[in-house]
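Data block below; observations after.
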Amino acid sequence: MKYQSQAVAKPYFIAAIALFVGQILFGLIMGLQYVVGDFLFPAIPFNVARMVHTNLLIVWLLFGFMGAAYYLVPEEAETELYSPKLAWAIFWIFLVAGALTVVGYLSVPYATLAKITGNDLLPTMGREFLEQPLITKIGIVVVALAFLFNIGMTILKGRKTSITLILLTGLVGLAVLFLFSFYNPDNLVKDKYYWWWVVHLWVEGVWELILAAILAFVLIKITGIDREVIDKWMYVIITMALVTGIIGTGHHYFWIGTPEYWQLWGSIFSALEPIPFFLLTLFAFNMVNKRRRDHPNKAATLWALGTGVMAFLGAGVWGFLHTLAPVNYYTHGTQITAAHGHMAFYGAYVMVVLTIISYAMPIMRGRAANSDRAQVVEMWSFWLMTVSMVFITLFLTGAGILQTWLQRMGSNPQPFMVVQDQIAIFYWLREIAGVVFLIGLVLYIASFFINGEKKAVR
């Protein structure tokens with residue numbers, strides 16, 4: 001490490017991986033509940049398992065983003081972190097608040113949780129992905145403000161680079177857009193309209209800036225490519241991401257009661273959204289092919305390349321499959337949506353967090369890379385998680401196509417639950433692939449505990 005304060009990223013990365021394990025376990029519970037309806041009922045009902053699964057996804061990714069910022073910003077700014085103590089305080093506040101929220105989900109009925117956490121004062125609960133109690137949402141805002149202050153002051157007192165500025169823009173956007181989680185109008189159309197300002201504009205707006213910044217930082221370190229070359233790629237990718245992602249929000253407005261012009265604008269710009277992810281793939285492979293140094297961390301290089309490919313497939317290709325209004329009319333809310341969501345989240349955001357962890361953790365432990373034995377295990381984890389996610393996506397896509405036909409397009413449309421019974425085989429296959437994914441994640445964690453020869457820090 002070039003700066004001592006970078007070490008504060010370590011607990012964030014550890015917490016992120018621990019919460020990632022929890023997210024996968026609850027995903028497997030949900031998967032079983034699709035085919036064994038009373039599994040763990042009433043201890044963990046399906047709606048609770050879904051809340052924990054999706055909320056843990058958001059929280060652990062935020063831990064990963066914060067850890068990445070605390071690691072790369074001092075190095076990019078060429079100065080120590082403004083306040084390591086504040087970073088530690090934020091870590092414990094966020095971790096405890098997140099843990100208590102999950103305990104609340106699991107221990108009391110949701111309506112009771114809403115009553116005891118002040119939802120009657122400002123109703124904010126009950127919206128998918130934004131189920132957090134009012135007090136938790138306030139805590140997230142406080143944590144976000146303190147975090148942005150710490151990162152912002154570090155950037156202000158040090159060197160400014162395109163990476164730090166793009167990262168900061170993404171982080172500010174993330175915090176600002178979360179404020180719409182407090183807005184919960186009675187009108188359903190307005191509710192869904194602004195709900196997407198959080199959910200979509202996080203994922204396909206500002207998170208893409210964070211993704212690009214983290215990936216660019218790692219590629220600079222492992223390839224030795226001139227910063228000017230990477231900057232040019234970054235500006236093009238970010239411009240395309242913002243243009244297509246912001247206006248592309250319209251593909252969520254097709255059937256919620258908004259004006260018809262969104263069907264045109266949403267379709268056009270949604271169809272363009274694969275472009276920045278395709279550029280991201282070209283960017284990663286170009287940088288690695290033109291590298292000026294042979295970095296010992298081969299595993300981090302693999303994760304970086306995988307991020308580009310899987311982000312393009314999950315967010316780009318699978319998003320495009322059902323983004324046009326005439327297609328979305330039939331596929332909206334089916335398992336095709338779930339297929340897109342799983343691969344997009346994994347490819348774009350899970351993999352980039354694993355990329356920075358794979359690169360930074362060995363350095364924070366006094367080596368340039370883990371041993372060759374450890375990296376072989378880590379690469380196995382990469383392939384197990386990635387291939388299993390591909391199969392999860394394919395199984396859900398098959399389920400979604402059959403569901404669309406049987407439930408919405410056939411000459412004799414069948415009820416939802418009747419259709420679910422007929423596509424149960426896909427859910428069983430998805431569950432098996434999920435178990436393989438968990439094995440891959442366990443191997444990823446295990447790779448950091450495998451000893452071997454040390455490589456000098458570069």
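The values are calculated or read from the model by the stated rules, or taken from the named source; none is laboratory data. Keep in mind the model is a prediction, meaning the values are calculated, not measured. Cβ sites come from the backbone with ideal geometry, for glycine too, and all protein chains shown count toward neighbours.
From the set of residues in segment 36-66 that are among the aliphatic types (A, V, I, L, M) and closer than 16 Å to Leu211 by Cβ, which is surrounded by the most Cβ atoms within 10 Å (Cβ to Cβ)? Step through it out loud before you land on a result.
Residues of segment 36-66 that are among the aliphatic types (A, V, I, L, M), as a first pass: 36, 40, 43-44, 48-49, 51-52, 56-59, 61-62, 66.
Going one step further and asking which of them are closer than 16 Å to Leu211 by Cβ, we end up with 57-58, 61-62, 66.
Values: Leu57: 22, Ile58: 21, Leu61: 22, Leu62: 22, Met66: 26.
So, considering only residues that are among the aliphatic types (A, V, I, L, M) and closer than 16 Å to Leu211 by Cβ, the one surrounded by the most Cβ atoms within 10 Å (Cβ to Cβ) is Met66.
Here Val377 fulfils each of the conditions (1) aliphatic (A, V, I, L, M); (2) modelled with pLDDT under 95; (3) over 20 Å from the mean Cα position of the chain (by Cα) apart from (2).
Residues of segment 87-112 that are aliphatic (A, V, I, L, M), surrounded by fewer than 22 Cβ atoms within 10 Å (Cβ to Cβ) and closer than 22 Å to Ala18 by Cα: Ala89, Ile93, Leu95, Val96, Ala97, Ala99, Leu100, Val102, Val103, Leu106.
Ala146 - would you say it is in contact (Cβ under 8 Å) with a residue 60 or more places away in the chain and either in a helix (DSSP H, G or I) or among the charged types (D, E, K, R) (or both)? Against the criterion (in contact (Cβ under 8 Å) with a residue 60 or more places away in the chain and either in a helix (DSSP H, G or I) or among the charged types (D, E, K, R) (or both)), Ala146 qualifies. Residues in segment 402-432 that are surrounded by fewer than 19 Cβ atoms within 10 Å (Cβ to Cβ), under 30 Å from the mean Cα position of the chain (by Cα), farther than 17 Å from Thr386 by Cβ and among the β-branched types (Val, Ile, Thr): Ile425 alone. On the basis of being free of Cβ contacts under 8 Å to residues at least 60 places away in the same chain and either under 20 Å from Ile336 (Cβ atoms) or out of contact with any Ser or Thr (no Cβ under 6 Å at 6 or more places or on another chain) (or both), does Trp405 make the cut? Yes.
Would you call Leu81 in contact with a Pro (Cβ under 6 Å, 6 or more places away or on another chain), within 19 Å of Gln6 (Cβ to Cβ), crowded, with 18+ Cβ neighbours inside 10 Å and aliphatic (A, V, I, L, M)? So Leu81 passes the test.
Table: residues versus (1) in a helix (DSSP H, G or I); (2) within 21 Å of the chain's Cα centre (by Cα); (3) modelled with pLDDT under 95.
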site: Leu56; (1), (2), (3): yes, yes, no
site: Phe63; (1), (2), (3): yes, yes, no
site: Val73; (1), (2), (3): yes, yes, no
site: Phe94; (1), (2), (3): yes, yes, no
site: Leu100; (1), (2), (3): yes, no, no
site: Leu122; (1), (2), (3): no, no, yes
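Identify, from the list Ala348, Ala339, the residue that is at pLDDT below 95, on the phi < 0 side of the Ramachandran plot and either surrounded by 19 or more Cβ atoms within 10 Å (Cβ to Cβ) or in contact with an Asp or Glu (Cβ under 6 Å, 6 or more places away or on another chain) (or both). Residue meeting the stated conditions: Ala348.
Checked against (1) touching a residue at least 24 places away in the same chain (Cβ under 8 Å); (2) touching a helix residue (DSSP H, G or I) at 6+ places or on another chain (Cβ under 6 Å), Tyr329 meets all criteria but (2). Among the candidates Val353, Val390, Val435, Val377, single out the residue that is in a helix (DSSP H, G or I), on the phi < 0 side of the Ramachandran plot, in contact with a helix residue (DSSP H, G or I) (Cβ under 9 Å, 6 or more places away or on another chain) and surrounded by fewer than 16 Cβ atoms within 10 Å (Cβ to Cβ). The unique qualifying residue is Val435.
Of the candidates Gln33, Gln23, the single residue that is under 23 Å from Ala339 (Cα atoms), free of Cβ contacts under 8 Å to residues at least 24 places away in the same chain and polar (S, T, N, Q) is Gln33. Across segment 142-183, what is the number of residues that are farther than 28 Å from Glu75 by Cβ and surrounded by fewer than 19 Cβ atoms within 10 Å (Cβ to Cβ)? Qualifying residue count for the region: 4.
Being among the aliphatic types (A, V, I, L, M) and without any contact (Cβ under 8 Å) to a residue 40 or more places away in the chain is the filter here; which residues of segment 388-402 pass it? Leu402, the sole residue that qualifies. Per the conditions (1) touching a helix residue (DSSP H, G or I) at 6+ places or on another chain (Cβ under 7 Å); (2) farther than 23 Å from Ala9 by Cα, the sole criterion not satisfied by Gly173 is (2). Which one of Gly245, Gly266, Gly224, Gly257 is more than 20 Å from the chain's Cα centre (by Cα) and buried (at least 21 other Cβ atoms within 10 Å of the Cβ)? Just one listed residue meets the conditions, Gly266. Go through segment 314-336 and give me each residue that's surrounded by fewer than 23 Cβ atoms within 10 Å (Cβ to Cβ), assigned to a helix (DSSP H, G or I) and of a type in the set (A, V, I, L, M, F, W, C). Matches in segment 314-336: Val317, Phe320, Leu321, Ala325, Val327.
Against the conditions (1) in contact (Cβ under 8 Å) with a residue 60 or more places away in the chain; (2) assigned to a loop (DSSP other than H, G, I, E, B), Gly118 satisfies every one except (1). Candidates Gly224, Gly245, Gly205: the one that is at pLDDT below 95 and at positive phi is Gly224. With respect to (1) surrounded by fewer than 18 Cβ atoms within 10 Å (Cβ to Cβ); (2) more than 24 Å from the chain's Cα centre (by Cα); (3) of a type outside the set (Asp, Glu), the lone exception for Val21 is condition (2).
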